[in-house]
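Accompanying notes for the structure given below.
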Amino acid sequence: MSTSPTRLRQIALVAKDLKKAEYLLTTILGTEVVFVDPQVSRWGIKNILVAIGGDIIEVCSPFEDGTTAGRLLDKRGDGGYMIIMQTIDAAARRKAIEAKKLAKVIYGHEHDDVVCVQYHPKGIPGGMMPELDSHTPTAGNPTPLQSTFSPWHAAGKDYEAYSAGMKRCAHLKFLSATCRLTPGDTNTEQAAKQWERLFGVSREGSELAFTNMRLRFVPGADGSSDGLESISIQVTGKQRYYEMIEKARELGLLEESWINMLGLRWRISLADEGPGKSKL
């Protein structure tokens, strides 16, 4: 199957304490909650969506026993949950995947201009549940992939409200994320090839080249579960950058070259504004 332009639109995390997660993300990153989805309660979880420019970090937290999010928390603690991608035609990709029996669909729905498909993570390297969605171009949304603040179904129906929040967070931008393979698995390039084959994401070596960021795979490590290892974010504005670092230091989360938050390593870079560019 051929590749197709694909955006990594949303990274979902799991956390035991949702209020604490909200406090850390909004306080350290300077983002804001743009949506809370009441519909996810059907799966025994509650969530928040915070903006990274026009993209999203979601945090899910279970309030019932027996949830997938709860099992992940028991196994790995706070950390990664889902990689949610946006492509041109998710329905066509689903047909191709199912025809070749490459992955199992565990949830899917279509409404208006939206197609949403979740796949079972078993056999898919990286320890994250993949979801591949699409918005059909319309007169009001002619370039769903390319437009930074294009409508996104997971953020609800009030586009004016959530897009305003995204624009207030335009100083933030995803740069990359890293997924660790299972212990003993060192074939990072094969992992990237499998995601390329399944979901049509362009690949360069062991990296997936989304239209807005990179997703890297690193070898598994003894004593460490597979899953999301790090997220790198770019911030515009020196004052914002140094405020992030100082907040992380005050909260005791600042390590030598990263911020230790929600089970992940967060790396913050200052957008290149000339001499004196900084990077954590």
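Ile83 fulfils the conditions (1) buried (at least 21 other Cβ atoms within 10 Å of the Cβ); (2) within 16 Å of the chain's Cα centre (by Cα); (3) closer than 19 Å to Val235 by Cα except for a single criterion, (3). Pick from segment 257-277 the residues that are at negative phi and more than 24 Å from the chain's Cα centre (by Cα): which of them is modelled with the lowest pLDDT? It comes out as Pro275.
Summed over segment 24-54, residues that are farther than 21 Å from Ser269 by Cα and in a helix (DSSP H, G or I) total 6. Among residues that are within 20 Å of the chain's Cα centre (by Cα), not β-branched (Val, Ile, Thr) and not assigned by TED's automatic domain parsing to the domain that holds Thr143, Arg249 is not included. Assess whether Asp65 counts as being exposed (fewer than 14 other Cβ atoms within 10 Å of the Cβ) and in a loop (DSSP other than H, G, I, E, B). Criteria met by Asp65. Only one entry of Asp89, Asp37, Asp55 meets the criterion of being surrounded by fewer than 16 Cβ atoms within 10 Å (Cβ to Cβ) and either more than 21 Å from Lys167 (Cα to Cα) or modelled with pLDDT of 95 or more (or both), and that entry is Asp89. Answer yes if at least one residue in segment 225-236 is under 25 Å from Met128 (Cα atoms) and part of a loop (DSSP other than H, G, I, E, B), and no otherwise. Yes - at least one qualifying residue is present in segment 225-236. Report, by residue number, each residue of segment 239-255 that is touching a residue at least 40 places away in the same chain (Cβ under 8 Å) and surrounded by fewer than 21 Cβ atoms within 10 Å (Cβ to Cβ). Arg240, Glu243, Lys247, Leu251, Leu253 - these are the residues of segment 239-255 that are touching a residue at least 40 places away in the same chain (Cβ under 8 Å) and surrounded by fewer than 21 Cβ atoms within 10 Å (Cβ to Cβ).
Check segment 12-28 and report whether any residue there is more than 14 Å from the chain's Cα centre (by Cα), surrounded by fewer than 19 Cβ atoms within 10 Å (Cβ to Cβ), closer than 12 Å to Ala51 by Cβ and free of Cβ contacts under 8 Å to residues at least 60 places away in the same chain. So far as segment 12-28 goes, yes, one or more of its residues are more than 14 Å from the chain's Cα centre (by Cα), surrounded by fewer than 19 Cβ atoms within 10 Å (Cβ to Cβ), closer than 12 Å to Ala51 by Cβ and free of Cβ contacts under 8 Å to residues at least 60 places away in the same chain. Looking at segment 219-238, is at least one residue free of Cβ contacts under 8 Å to residues at least 40 places away in the same chain, of a type outside the set (S, T, N, Q), surrounded by 16 or more Cβ atoms within 10 Å (Cβ to Cβ) and not assigned by TED's automatic domain parsing to the domain that holds Asp55? No, that holds for no residue.
The values are calculated or read from the model by the stated rules, or taken from the named source; none is laboratory data. Just so we're clear, the structure is a prediction, and the values are computed from it rather than from any experiment. Note that we place each Cβ from the backbone using ideal geometry, even for glycine, and neighbour counts take in every protein chain shown.
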